[in-house]
Amino acid sequence: MTASTPHRVAIAGASGRMGRMLIEAVQAAADCVLSAALDRPDSPALGQDAAAFTGQPAGVVIAADVDAALAASDVLIDFTRPEGTMQHVQACVRHGVALVIGTTGFTEAQKAAIADAAQHIPIVMAPNMSVGVNVTLKLLEMAARALSGGYDIEIVEAHHRHKVDAPSGTALKMGEVIAAAQGRRLQDCAVYERVGHTGERPAGAIGFATVRGGDVVGDHTVMFLGTGERIEITHKSSSRATYAQGSLRAVRFLAGRRSGLYDMFDVLGLR
Ligand SMILES: NC(=O)C1=CN([C@@H]2O[C@H](COP(=O)(O)OP(=O)(O)OC[C@H]3O[C@@H](n4cnc5c(N)ncnc54)[C@H](OP(=O)(O)O)[C@@H]3O)[C@@H](O)[C@H]2O)C=CC1
Ligand SMILES: O=C(O)C1=N[C@H](C(=O)O)C[C@H](O)C1
């Protein structure tokens, strides 16, 4: 991605909840310009001005031609669905365009394909772009190391009624960070469902619980449940603007880089 400004930013999933938030953020950023806005070929939003909903048109029409969009862009920000992201990854490699991936719900095979693509283009990928959540991940690392024996770990997340994946990408990342801090792998200790006669809680399990409803932007609580005490670490999002601002920090971080897979720890200097 070229290091010069303004950064020419294309937005995928332009008419979605995050797409609209990102379009507003790009328009407000002095060092970014909206180069393209993408949606699916059957989207009713095609042909509309990308920022019509703000009352201040962007002069960029929502389109479905990914190649035309990327030919005029330095970076693509993708908050869509895994199947859409995977198409965008291949297109970004074809065009040498940098990529910011906020989409969640990838399979292990899809994650491996994204890592392969990052040998050719620079990619920032994170299930949560907010500064607060990434600082929370660091707090969890510390807590998990200090509480590695005698504390049961449960992760509870709540999101709006439209969310399609569970547990959230952020909750899974929290589980991964905690497991790694304790020298374990999440896949060896995660418990995603409890129903019926479950038996006693297995020692060392990391449990997940999911709440869906209303317009909850995104709440995550990790409980370290000991004997005689418990610690709860909670993050609550009240606006999607934090995810959009984090995504623009990722855009700036990618400028001038040629390849590599990065996350928000890299962008925020938290590694
Ligand atoms: N990393 C982070 O900080 C955050 C991540 N997210 C993640 O971002 C993703 C999007 O969330 P949100 O904006 O709420 O979702 P929305 O459903 O509101 O928006 C998704 C957008 O992507 C489009 N889309 C869906 N499928 C495809 C596809 N196959 N190809 C191209 N475009 C497609 C949708 O079009 P259509 O409506 O026509 O289906 C829509 O415009 C989710 O995975 C969510 O978990 C969300 C917030 C923060
Ligand atoms: O779908 C959402 O809304 C969100 N998704 C991300 C996730 O799955 O963790 C980030 C945030 O919690 C909002």
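The values are calculated or read from the model by the stated rules, or taken from the named source; none is laboratory data. Not measured: the values here are computed from a predicted model. Cβ placement follows ideal geometry from the backbone for every residue including glycine, while neighbour counts extend to all protein chains displayed. Each accessible area value is taken on the protein alone, full model and side chains, heavy atoms only, with ligands, DNA and RNA left out. Shrake-Rupley method; radii C 1.70, N 1.55, O 1.52, S 1.80 Å.
Considering Gly256, Gly246, Gly260, which residue is open to solvent by less than 30 Å² (accessible area, probe 1.4 Å), assigned by the TED database to the domain that holds Gly105 and on the phi > 0 side of the Ramachandran plot?
Gly260
What number goes with the only condition from (1) in a helix (DSSP H, G or I); (2) away from ligand 1 (no atom under 16 Å from the Cβ); (3) out of contact with any Asp or Glu (no Cβ under 8 Å at 6 or more places or on another chain) that Ile178 does not pass?
It is condition (3) that Ile178 fails.
Considering only the stretch 207-236, how many residues are in a strand (DSSP E or B), open to solvent by less than 60 Å² (accessible area, probe 1.4 Å) and of a type in the set (Val, Ile, Thr)?
Count: 3.
In the stretch 25-52, what residues are touching a helix residue (DSSP H, G or I) at 6+ places or on another chain (Cβ under 6 Å) and over 21 Å from Cys92 (Cβ atoms)?
Within the stretch 25-52, Ala51 is the sole residue that qualifies.
Taking the stretch 1-60 as the region of interest, how many residues are assigned by the TED database to the domain that holds Phe79, within 24 Å of Arg257 (Cβ to Cβ), open to solvent by less than 50 Å² (accessible area, probe 1.4 Å) and part of a loop (DSSP other than H, G, I, E, B)?
Of the residues in that region, 3 qualify.
How about the stretch 2-44: which of its residues are without any contact (Cβ under 8 Å) to a residue 40 or more places away in the chain, more than 10 Å from ligand 1 (Cβ to nearest atom), closer than 16 Å to Thr242 by Cα and not small (Gly, Ala, Ser)?
Ile23, Gln27, listed by residue number.
Starting from residues that are over 19 Å from Ser130 (Cα atoms) and part of a loop (DSSP other than H, G, I, E, B), keep the ones in the stretch 140-164 and report whichever is most open to solvent (accessible area, probe 1.4 Å).
Ranking the qualifying residues of the stretch 140-164, first place goes to Arg161.
Filter the stretch 115-139 down to the residues that are within 16 Å of ligand 2 (Cβ to nearest atom) and in a helix (DSSP H, G or I), then identify the one that is surrounded by the most Cβ atoms within 10 Å (Cβ to Cβ).
Leu137
Search the stretch 255-271 for residues that are within 12 Å of Asn128 (Cβ to Cβ) and pair each with any residue that is at pLDDT below 95 when their beta-carbon atoms are under 8 Å apart and the residues are at least 6 apart or on different chains.
From the stretch 255-271, the pairs are Phe265/Arg271.
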